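Chemist: Sharing a structure, written as structure tokens. Questions coming.
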Amino acid sequence: MADNGKKVAVISLGCDKNRVDTENILWFLGEGGYSATNDLADADVIIVNTCAFISSAEKEAVDTIFEAAAYKTSGRCKTLVVAGCLPMRYKEKLAELLPEVDRFVGMNDYADICDIIGREEKLYVSGDYSPTEKRILSTPPHYAYLKIADGCDNRCTYCTIPYIRGRYRSRTPESLLSEAKHLDDLGVRELILVAQDVTRYGYDLGGKYLLVPLLKELLANCSFGKIRLLYCYPELVTDELIDLIASEERIAKYIDVPLQHISDGVLRRMGRRTNGAQIKELFGKLKAKGIAVRTTFIVGFPGETEDDLRELEEFIAEYKPEHAGVFAYSREEGTPAARMKDQIPVGIKRKRLKVIGELNRKNAEERNASLVGKTVDVIYEDIDYDRNMFVGRTEADAPEIDGLVYFTGDFCDVGNVYKVKIVGYDGYDLIGEKA
């Protein structure tokens, strides 16, 4: 497509699923003749791809929109576009609240983004799911995300995702295999599968869960060195899936399983489909197979007692998940949990957040201390010029969210794996020397 002479800057907020959407947007913009720029002052069009999962994400989105809007006077910007979750959640209300914005675009309309920029109407939010394999990678060349589905059917009582992104919709195995082969041809070495619920993949296509068959197809038809799984719901992490992760060298010994809590009462009010005993049984299986676990917890959920918090503390202390994020419950308008009684005061939520956060930090430091003196495989990814050290991560760490390995040594090639002897640690991160 010929260059139309216009430059576009795209700001991507939120999760890696949103990142894939942004990569789709970039491809369609390129097809429309736009050239990309990182200089907001030099952009004719600025697009902010938003997250609206919780209040803090909305605030970040709105703040970013206001910052971008300033370039309509101080820069070249003629058109400010807000895309993604924020328009899907608030629709017409948002158009009234943010007059600075010229176009609002939902995540189902990215194929028409160039045409939409040229129209005069402000709001474009359709309900038609139209996944595409077309994208321009924004990650380093050695890894990429593959979004295998959109939306969610789990209906956890605190969550806005089903209201924003709709019902769970799997992409066809054929389209995923085609995109994966393209990424493989580009030289991607680590493929990271993402969705709101990766383990539910395929059920809406014919009543069968198809994650394991999809993994086997990817292994048989692509040459990725590692395939990594994020966002696997605990009730659907089967023995078959665990055995495949444990036995297949090309699947990372790592799984992201959002738990949110361990107390049966809290889990029930959250609308989760597991109880504490089932979670402990699952963690026992994963630990026995040597699979590193990332998880998330929510504290301060309506009705959470001190005993519930103590039960969560005991679980974390005993099972020691390798990686854990903890969040204070956010009361989101329109969700069942927002209408519940026994809402927890903000001050108490902050105290509980600190308690669980400190416990997770302690576990991470104990794990890192246990690695001192050992030699581990590290994927080299970057250079920290302040430290004058290489930067990488182990197989037990996902990019962008988990700990890093800082190490010294001679020349390294990005994306390659090197033996690194661990000589120390700094909080969540390891310090080493190339062996």
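The values are calculated or read from the model by the stated rules, or taken from the named source; none is laboratory data. Since the model is a prediction, treat every value here as computed from it, not as a measurement. For neighbour counting, all protein chains shown are included, and Cβ atoms are generated from backbone atoms with ideal geometry for every residue, glycine included. SASA here: full protein model, heavy atoms, side chains in, ligands and nucleic acids out. Shrake-Rupley method; radii C 1.70, N 1.55, O 1.52, S 1.80 Å.
One line per residue, one yes/no per condition, for (1) closer than 27 Å to T132 by Cα; (2) small (G, A, S); (3) modelled with pLDDT under 95:
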| site | (1), (2), (3) |
| --- | --- |
| N38 | yes, no, yes |
| A52 | yes, yes, yes |
| Y90 | yes, no, yes |
| L94 | yes, no, yes |
| L98 | no, no, yes |
| A111 | yes, yes, yes |
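Chemist: Would you point out the residue of segment 1-21, among those that are open to solvent by 60 Å² or more (accessible area, probe 1.4 Å) and at pLDDT 90 or above, that is farthest from D402 (Cα to Cα)? Can you show your working first?
Modeler: Let us first name the residues in segment 1-21 that are open to solvent by 60 Å² or more (accessible area, probe 1.4 Å), namely 1-4, 6-7.
Adding the requirement that they be at pLDDT 90 or above leaves 6-7.
Working: K6: 38, K7: 34 Å.
Among them, the one singled out is K6.
Chemist: Still on this model: Inside segment 276-288, can you point out the residues that are open to solvent by 20 Å² or more (accessible area, probe 1.4 Å) and among the aliphatic types (A, V, I, L, M)?
Modeler: Step one: filter segment 276-288 for residues open to solvent by 20 Å² or more (accessible area, probe 1.4 Å), giving 277-278, 280-281, 284-285, 287-288.
Listed by number, the residues that qualify are A277, A288.
Chemist: Sticking with this structure for a sec: Restricting to segment 344-372, name every residue that is open to solvent by less than 50 Å² (accessible area, probe 1.4 Å), farther than 30 Å from V188 by Cβ and either among the small types (G, A, S) or out of contact with any strand residue (DSSP E or B) (no Cβ under 6 Å at 6 or more places or on another chain) (or both). Spell out the reasoning first.
Modeler: Our first condition is that a residue be open to solvent by less than 50 Å² (accessible area, probe 1.4 Å); within segment 344-372, this holds for 344, 347, 349, 352, 356-357, 359-360, 363-364, 368-369, 371.
Those left that are additionally farther than 30 Å from V188 by Cβ: 344, 347, 349, 352, 356-357, 359-360, 363, 369.
Selection gives I344, G347, G357, L359, N363, A369.
Chemist: State the number of residues belonging to segment 366-380 that are part of a helix (DSSP H, G or I) and either of a type in the set (A, V, I, L, M, F, W, C) or free of Cβ contacts under 8 Å to residues at least 60 places away in the same chain (or both). Outline the logic, then answer.
Modeler: Initially, segment 366-380 is screened for residues part of a helix (DSSP H, G or I), giving 366-371.
Add one more test, that the residue is either of a type in the set (A, V, I, L, M, F, W, C) or free of Cβ contacts under 8 Å to residues at least 60 places away in the same chain (or both), and what stays is 366-367, 369-371.
Count: 5.
Chemist: Here's a follow-up. Can you say whether V62 is free of Cβ contacts under 8 Å to residues at least 40 places away in the same chain, touching a helix residue (DSSP H, G or I) at 6+ places or on another chain (Cβ under 7 Å) and aliphatic (A, V, I, L, M), as far as the supplied structure shows?
Modeler: On the way: free of Cβ contacts under 8 Å to residues at least 40 places away in the same chain: yes; touching a helix residue (DSSP H, G or I) at 6+ places or on another chain (Cβ under 7 Å): no; aliphatic (A, V, I, L, M): yes.
Against the criterion (free of Cβ contacts under 8 Å to residues at least 40 places away in the same chain, touching a helix residue (DSSP H, G or I) at 6+ places or on another chain (Cβ under 7 Å) and aliphatic (A, V, I, L, M)), V62 does not qualify.
Chemist: What pairs can you find where one residue is in segment 152-171 and under 25 Å from L210 (Cα atoms), the other is polar (S, T, N, Q) and open to solvent by less than 20 Å² (accessible area, probe 1.4 Å), and their Cβ atoms are less than 6 Å apart, with a gap of 6+ or different chains?
Modeler: Short answer, once both residue conditions are applied: none.
Chemist: Could I ask something else about it? Pick from segment 289-311 the residues that are closer than 14 Å to N363 by Cα and of a type outside the set (G, A, S): which of them is most open to solvent (accessible area, probe 1.4 Å)? Don't jump to the end; show me each part of the working.
Modeler: Taking segment 289-311 and keeping what is closer than 14 Å to N363 by Cα, we get 292-295.
Filter once more, so that each one left must be of a type outside the set (G, A, S): 293-295.
Working: V293: 0, R294: 31, T295: 0 Å².
The selected residue is R294.
Chemist: Separate question: Scan segment 390-411 for residues that are more than 27 Å from V326 (Cα to Cα) and crowded, with 19+ Cβ neighbours inside 10 Å and jot them down.
Modeler: Taking segment 390-411 first, the residues more than 27 Å from V326 (Cα to Cα) are 390, 407-411.
The answer is F390, F407.
Chemist: When segment 331-343 is examined, which residues are found to be open to solvent by 100 Å² or more (accessible area, probe 1.4 Å) and touching a residue at least 12 places away in the same chain (Cβ under 8 Å)? Steps first, answer last, please.
Modeler: Quick first cut of segment 331-343, residues open to solvent by 100 Å² or more (accessible area, probe 1.4 Å) only: 331, 333, 339, 341-342.
Of everything in segment 331-343, those that are open to solvent by 100 Å² or more (accessible area, probe 1.4 Å) and touching a residue at least 12 places away in the same chain (Cβ under 8 Å) turn out to be R331, K341, D342.
Chemist: What residue, of F315, F297, is farther than 27 Å from G207 by Cα, in a helix (DSSP H, G or I) and modelled with pLDDT of 95 or more?
Modeler: Working: F297 fails: in a helix (DSSP H, G or I).
The match here is F315.
Chemist: Just to be sure I understand the filter: pairs with C-beta atoms under 6 Å, separated by 6 or more residues or on different chains, first member in segment 414-435 and open to solvent by 50 Å² or more (accessible area, probe 1.4 Å), second member part of a loop (DSSP other than H, G, I, E, B) and small (G, A, S). Which pairs pass?
Modeler: K419/A435; K421/A435; Y428/G403; K434/G409
Chemist: A further question follows. Go through segment 116-130 and give me each residue that's open to solvent by 60 Å² or more (accessible area, probe 1.4 Å), without any contact (Cβ under 8 Å) to a residue 24 or more places away in the chain and farther than 13 Å from V101 by Cα.
Modeler: G118, R119, D128, S130
Chemist: Let me ask something else. So for segment 42-56 (the condition being surrounded by 20 or more Cβ atoms within 10 Å (Cβ to Cβ) and of a type in the set (S, T, Y)), does at least one residue qualify?
Modeler: yes
Chemist: Out of all the residues in segment 89-102, is one or more open to solvent by less than 10 Å² (accessible area, probe 1.4 Å) and under 23 Å from I136 (Cα atoms)?
Modeler: Checking segment 89-102: not a single residue is open to solvent by less than 10 Å² (accessible area, probe 1.4 Å) and under 23 Å from I136 (Cα atoms).
Chemist: Restricting the search to segment 57-86, which residues are under 22 Å from Q196 (Cβ atoms) and open to solvent by less than 40 Å² (accessible area, probe 1.4 Å)?
Modeler: Within segment 57-86, A57, E58, A61, V82, A83, G84, C85, L86 meet the criteria.
Chemist: Take segment 285-302 and flag every residue that is over 20 Å from G357 (Cα atoms) and in contact (Cβ under 8 Å) with a residue 12 or more places away in the chain. Can you show your working first?
Modeler: Within segment 285-302, the subset over 20 Å from G357 (Cα atoms) is 285-291.
K285, L286, K287, K289, G290, I291 - these are the residues of segment 285-302 that are over 20 Å from G357 (Cα atoms) and in contact (Cβ under 8 Å) with a residue 12 or more places away in the chain.
Chemist: Another question about this same structure. Checking E400 against (1) under 17 Å from I383 (Cα atoms); (2) in a loop (DSSP other than H, G, I, E, B); (3) touching a Phe, Trp or Tyr at 6+ places or on another chain (Cβ under 9 Å), which test does it fail?
Modeler: (3)
Chemist: Return the residues of segment 67-98 that are free of Cβ contacts under 8 Å to residues at least 40 places away in the same chain and more than 23 Å from K6 (Cβ to Cβ); say none if nothing qualifies.
Modeler: Scanning segment 67-98 gives L86, Y90, K91, E92, K93, L94, A95, E96, L97.
Chemist: In segment 99-124, which residues are under 27 Å from the mean Cα position of the chain (by Cα) and within 21 Å of K59 (Cα to Cα)?
Modeler: Kept after step one, since they are under 27 Å from the mean Cα position of the chain (by Cα), are these residues of segment 99-124: 101, 103-114, 123-124.
Matches in segment 99-124: V101, R103, F104, V105, G106, M107, L123.
Chemist: Further, regarding this structure: I'd like the full set of residues that are under 14 Å from V82 (Cα atoms), assigned to a helix (DSSP H, G or I) and polar (S, T, N, Q), limited to segment 1-31.
Modeler: N18, T22
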